[in-house]
Amino acid sequence: MNGGEIIAQELKRKGVQFLFTLCGGHVAPVYVEAEKAGITVIDTRNEATAVFAADAVSRLTNTIGVAAVTAGPGITNSITALKNAQLAQSPILVIAGATATLLRNRGALQDIDQEAIVRSLVKKVIRVSRLKQLAPAVQKALAIAGEGVPGPVFIECPVDLLYDEAVVREWYQTNNKNKNKNFKEKFIQWYIGRHTNQLFKGTGTNPIPELKKTQNPVVSAHQLQQLAGMINQSERPVLVIGSGAMSDPGLATELASAINQIALPTYLSGMARGLLGHNNPLHFHHKRKEALKKADLIILAGLPCDFRLNYGKELSRSAKKITISLDKTALRKNITPQLAIQGHPAGCFIALQKETISRNNWNDWKKELKEREMIREKEVGEIADVKVKGINPVLLFQKMEHLLPENSIIISDGGDFAATSSYTLHPRKPLSWLDSGVFGTLGVGAGFALGAALCNTGDYVFIVYGDGSAGYSLVEFDTFTKLGLKVCAIVGNNGSWEQVARDQVNLLGADTATAIPRSDYQLIAKAFGANGERTETINDFEQALKNAIESMDKGVPYLINAIIGSTAFREGSISM
């Protein structure tokens, strides 16, 4: 049994369904044996895509997403995706190849200090040096990734532990019985033989004990009573739910039910978008800043008080604050809460249903929030009516909102165009929105779409791309087409890195490095066997979206190249 087979069997035993990779000799036995074991192996065109896809799987299912990347550049290509997973608290496993154990630091192909590169990006680096360590390493890595604050784990597997023992001995020529050797040659051959024996010694002789599962912090009965008491005493409460509340996808439905029962006015952020469905009266989309300024109780559930809340400046000084997070460091980041609860936000609110919560429903406060919401909706409608050169992007998303199938998943990848979508597109269900996240990472689109489409085969997956971010991963239309996935990319093509350009021109007086040719991106999709079209009017866009749905139903991905104009909708939106 080679090392690839050992890894594959352990992944299979732990319920891993997908392995994402880009082929490479250092890790070939891993994905070949995974396929033999019944794991679906998806080969991508970029290692970052493989890791982004694994990230999406972990966010949307109750399994750890897994990627295998080859040594050297395979690892460095995946760095951004690894950091993005870390900041998003996504439990993923990256299995990486490495040079042979005997050749470390001797100038071997793609031999670099991989541990030093990834150490700060992951919860744990596990370096394997014996074949018998492989299975325990995989089990340990999967456990660590999911326990406590979730995050990525990295296993480094030297190539001579992954191939068959006979092949490795042939590489090292340990079977060479030539007697015409001098002492030095004999000593080297002895040393190599001894080293090889150690690599394979003890494999399969002992069963692997199951690791004890580490328990996450549990919200106490006293904390629940305090939380309920503060809610009951409030007159203007606001609940803000972030991605950290969605780290256990299996709890999403129960969490939504709990929020509906407790009936707090709620704002959703990041992965939590869609948690309360399409048109829930508890869910408010606009004027969050004003609500937080006037609230007398603010609950941040799975959302740190970082730049997204202007480091706390958006919060009413007189309001009581409650923070709930698995991440202990997030509980007091830029904030001094009256109650800080370390625990899973979803579990906390599900348990809170057992407490006595006031049933006044804060009707006057909700009416006030709704009135502000309607004012903002009117403002958005007025911006959508502005005539621009090309399609008005706000109008585009308003039309898209009406045409989206109920079983849709939205992937937001970009700056200005993608952020505009978050104001006007309303995800239909829990776990139906993925975006770049707190890291502001461009390039997540194809990988997230790949993972989402594989995990939800009956859903339509729409990638909202800026024309800048599209350049990172459009090549994965090759992967979408090969797999017949129901993916549609909508490229907002305004020939600019608009989010940067808008403020750069105002502040610095030049658009240097922000202009992009208005290319025919749909031709890229067609080159890979997909369909697509260029649209320059809103009517053409509506028809293109209908064409895309029809094409996806036939197993053919689609790309809509929407020529858009500029509006003042998001002026001054750059965060620092």
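For the range 328-374 versus the range 521-552, the inter-centroid distance based on Cα atoms is 42 Å. Using +1 at the Cβ of each Lys and Arg and -1 at the Cβ of each Asp and Glu in the chain, identify which of Ala515, Ala137, Gly15 lies farthest towards the dipole's positive end. Projecting each Cα onto the dipole axis, the largest value belongs to Ala137. Here the dipole of the range 3-200 is about 660 debye; that uses its Cα centre as origin and unit charges on the Cβ of Lys and Arg (positive) and Asp and Glu (negative). In the chain, a dipole from Cβ-located charges (positive for Lys and Arg, negative for Asp and Glu) runs towards its positive end, and of Val388, Val149, Ala489 it is Val149 whose Cα lies farthest in that direction. Here the range 385-563 is treated with +1 on each Lys and Arg Cβ and -1 on each Asp and Glu Cβ, and its dipole about the Cα centre works out to around 200 debye.
If each DSSP helix of 4+ residues adds -39,500 (n - 2.57) and the sum is divided by the residues in the chain, what number results at 222 nm, nearest 500 deg cm²/dmol?
On the way: 22 runs with 228 residues, N = 576.
The helix-only estimate for the chain comes to -12000 deg cm²/dmol at 222 nm.
Using the structure shown, list the pairs from Lys289/Lys366; Lys132/Lys184; Lys12/Lys482; Lys287/Lys320 with a Cα-Cα distance above 22 Å, or answer none.
Lys132/Lys184; Lys12/Lys482
Using the Cβ-Cβ distance between Gln198 and Asn62 with R0 set to 30 Å, the FRET efficiency works out to roughly 0.20. Packing here is the average count of other Cβ atoms within 10 Å per residue, and on that basis the peptides 49-56, 530-537, highest first, run 49-56, 530-537. Around the Cα centre of the chain, unit charges on the Cβ atoms of Lys, Arg, Asp and Glu (plus for the first two, minus for the last two) sum to a dipole of about 1940 debye.
Does the range 482-576 classify as rounded, prolate or oblate by the C-alpha gyration tensor (a ≥ b ≥ c root eigenvalues; a/c under 1.5 gives rounded; else a/b over b/c gives prolate, otherwise oblate)? Don't skip to the end; give the middle numbers.
Numbers: a/c = 2.63, a/b = 2.27, b/c = 1.16.
Prolate is the answer for the range 482-576, as a/c is 1.5 or above and a/b outweighs b/c.
Alpha carbon centre of the range 90-134 versus the range 291-307: separation in Å? Measuring centre to centre over Cα atoms gives 41 Å. Taking the charge dipole of the chain about its Cα centre, with +1 at Lys and Arg Cβ atoms and -1 at Asp and Glu Cβ atoms, the residue from Thr441, Asn232, Tyr423 reaching farthest to the positive side is Asn232.
Is the shape of the range 347-467 best called rounded, prolate or oblate, per the rule: a/c under 1.5 gives rounded, else a/b larger than b/c gives prolate, else oblate, with a ≥ b ≥ c the square roots of the Cα gyration tensor eigenvalues? In terms of gyration-tensor shape, oblate. Computed from the Cα positions only, the extents of the chain along the three principal axes stand at 94, 60, 47 Å, in decreasing order.
Here, each number is a calculation from the coordinates, and none is a lab measurement. What you see is a predicted model; the values in this text were computed from it and never measured. Don't worry about glycine lacking a Cβ; one is built from the backbone with ideal geometry, like all the others, and counts go over all protein chains shown.
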